[in-house]
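Below is one structure, written out as structure tokens; the observations come after it.
The values are calculated or read from the model by the stated rules, or taken from the named source; none is laboratory data. Remember, predicted model here, so these are calculated numbers, not experimental data. When we count neighbours, we look across all protein chains shown, and the Cβ atoms used for this are built from the backbone with ideal geometry, even at glycine. When the accessible area is computed, the model is the full protein with side chains, heavy atoms only, and any ligands, DNA or RNA have been set aside. Shrake-Rupley method; radii C 1.70, N 1.55, O 1.52, S 1.80 Å.
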Amino acid sequence: DRINLPEEQQMAYENLLAQYRKGKGGVSLLYGVTGSGKTLVFLRLIDEVCASGRGVIVMVPEISLTPQTIAIFHRRYGRSVAVFHSGLSLGQRMDEWKRVKNGEALIAVGTRSAVFAPFSDIGLIILDEEQESTYKSESSPRYHARDVAKFRCAYHKALLLLCSATPSVESCYLAKAGRYSLNVLASRYGQAEPEVTVADMNEETQAGNTTVFSRVLRSALEENLERKEQSILLLNRRGYHTFASCTSCGHVITCPHCSISMTYHAANHRLMCYYCGYSIPFTERCPECGENTVRYSGLGTQRAEEQLGALFPQARILRLDTDSTMSRFSYEKKLNLFKQGQYDIMIGTQMVAKGLDFENVTLVGVLSADQSLYGDDFRGSERAFDLFTQVVGRSGRGK
């Protein structure tokens with residue numbers, strides 16, 4: 001089916017097509033607000049590239065985004081789509097690799113490893129949510145998918161398209177300096193413009209609110225449940241409690257290998273380190289002073305889910321984080337159930353914030369918003385802005 005684009009999107013598409021047809025390659029930044037139809041623009045572009053028989057690589061930052069992206073591509077392009085991500089077995093990966101190598105598949109979709117898909121002639125590489133840190137491999141071989149994509153595009157004289165509502169500072173700079181071409185989508189594709197409210201939890205605590213949910217969020221969730229509409233809640237900390245400290249001497253229990261605070265998990269009653277996987281049993285005895293005064297504080301998705309269940313016993317709640325989606329295909333199953341309306345509220349870490357498209361979601365809540373400003377990363381504030389802008393865009397995507 002031919003996609004009919006509104007004027008702004010059509011203009012961006014024509015600019016990109018003209019750059020592709022020049023045959024010199026290059027990089028373009030497609031900067032569009034959330035819900036502005038970036039996907040439709042690049043689908044039109046893919047139609048053109050595939051018609052000329054050249055390969056296309058499409059990358060998404062999170063494995064949680066692959067099911068929805070793959071569903072769109074399978075519906076449109078059928079068997080000519082190959083999939084690459086870490087959730088596949090070695091045998092499945094080999095099969096997909098061979099399909100690309102033999103020319104059976106013209107489009108490779110996946111996470112950062114898809115950048116190595118063995119096309120002999122690449123026409124287009126797309127990096128969706130290009131600012132994401134997951135495009136950078138932390139294990140050997142260390143590489144950044146954006147840099148590998150630039151190299152491959154230069155080699156094949158292909159077009160590299162970076163897409164985002166919150167592009168990285170580097171890409172913005174290079175686009176404004178004229179090194180990349182820039183296409184801007186300033187308006188949303190649909191009619192709904194999300195309205196954002198900030199609730200001060202200091203006032204709430206003084207008023208006797210002991211939960212992480214503000215009164216304004218609670219009443220909005222109640223209204224949504226009555227209207228049978230869905231809600232997404234973002235809390236970018238998994239686990240039950242996020243740290244344990246001794247009230248006698250102030251010692252915080254940290255990992256002996258990584259020196260970061262350990263997180264308590266209610267499922268197995270253990271404290272865990274997210275960097276190296278080290279874990280110890282739950283204890284109230286302080287390893288520093290020996291007193292039985294270790295107290296757990298901070299809030300993770302497990303505890304927030306528990307509080308939510310107590311506040312709304314009638315609500316069907318889905319928790320989505322790396323603990324709840326360890327088994328293969330569990331992302332796909334859970335997201336499909338949410339899309340079918342089997343759940344009212346989805347609570348999760350950053351994997352619920354990006355790229356997902358659910359028509360019935362009309363409310364998004366961010367819990368403990370400011371804690372992501374004080375991470376152990378010099379890009380903390382940039383990442384927080386990116387995350388909040390993206391999660392706001394999950395709301396009001398319907399007709």
**Lone qualifier among Arg93, Arg112 - being open to solvent by 40 Å² or more (accessible area, probe 1.4 Å), at pLDDT below 95 and within 18 Å of the chain's Cα centre (by Cα)** = Arg112
**Item:** Boolean, Thr34 is of a type in the set (S, T, N, Q), under 26 Å from the mean Cα position of the chain (by Cα), in a loop (DSSP other than H, G, I, E, B) and buried (at least 16 other Cβ atoms within 10 Å of the Cβ)
**Value:** yes
**Message:** I need every pair where a residue in the range 82-96 that is touching a residue at least 40 places away in the same chain (Cβ under 8 Å) has its Cβ under 6 Å from the Cβ of a residue that is in a helix (DSSP H, G or I) and surrounded by fewer than 23 Cβ atoms within 10 Å (Cβ to Cβ), sequence separation at least 6 or different chains.
**Reply:** Gly87/Ile63
**Request:** Filter the range 24-38 down to residues that are touching a strand residue (DSSP E or B) at 6+ places or on another chain (Cβ under 8 Å) and of a type in the set (Val, Ile, Thr), then give me how many there are.
**Result:** 2
**Item:** Matching residues in the range 115-151 - criterion: being free of Cβ contacts under 8 Å to residues at least 40 places away in the same chain and either buried (at least 23 other Cβ atoms within 10 Å of the Cβ) or among the charged types (D, E, K, R) (or both)
**Value:** Lys136, Glu138, Arg142, Arg146, Asp147
**Count - residues of the range 303-332 that are part of a helix (DSSP H, G or I), at pLDDT below 85 and over 30 Å from Cys249 (Cβ atoms)** = 3
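Can you tell me which residue within the range 78-87, out of those that are surrounded by 14 or more Cβ atoms within 10 Å (Cβ to Cβ) and either touching a helix residue (DSSP H, G or I) at 6+ places or on another chain (Cβ under 7 Å) or closer than 9 Å to Val109 by Cβ (or both), is modelled with the lowest pLDDT?
Here the residue is Gly87.
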**Message:** Which numbered condition in (1) in a helix (DSSP H, G or I); (2) open to solvent by 40 Å² or more (accessible area, probe 1.4 Å); (3) of a type in the set (A, V, I, L, M) is the only one that Leu217 fails?
**Reply:** (2)
**Prompt:** Looking only at the range 165-204, which residues are surrounded by 12 or more Cβ atoms within 10 Å (Cβ to Cβ), touching a strand residue (DSSP E or B) at 6+ places or on another chain (Cβ under 9 Å) and in a helix (DSSP H, G or I)?
**Reply:** Ser171, Cys172, Leu174, Ala175
**Request:** Could you list, in sequence order, all residues of the range 285-302 that are part of a loop (DSSP other than H, G, I, E, B) and open to solvent by 90 Å² or more (accessible area, probe 1.4 Å)?
**Result:** Arg285, Pro287, Glu288, Glu291, Asn292
**Fill in**
Of the residues in the range 48-58, those that are under 25 Å from Ser171 (Cβ atoms) and surrounded by fewer than 20 Cβ atoms within 10 Å (Cβ to Cβ) number 2
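Each row is one residue, and each column tells you yes or no for (1) surrounded by fewer than 15 Cβ atoms within 10 Å (Cβ to Cβ); (2) over 25 Å from the mean Cα position of the chain (by Cα); (3) hydrophobic (A, V, I, L, M, F, W, C).
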site	(1), (2), (3)
Gln9	no, no, no
Tyr20	no, yes, no
Leu29	no, no, yes
Phe42	no, no, yes
Ile46	no, no, yes
Val60	no, no, yes
Ile63	no, no, yes
Thr66	no, no, no
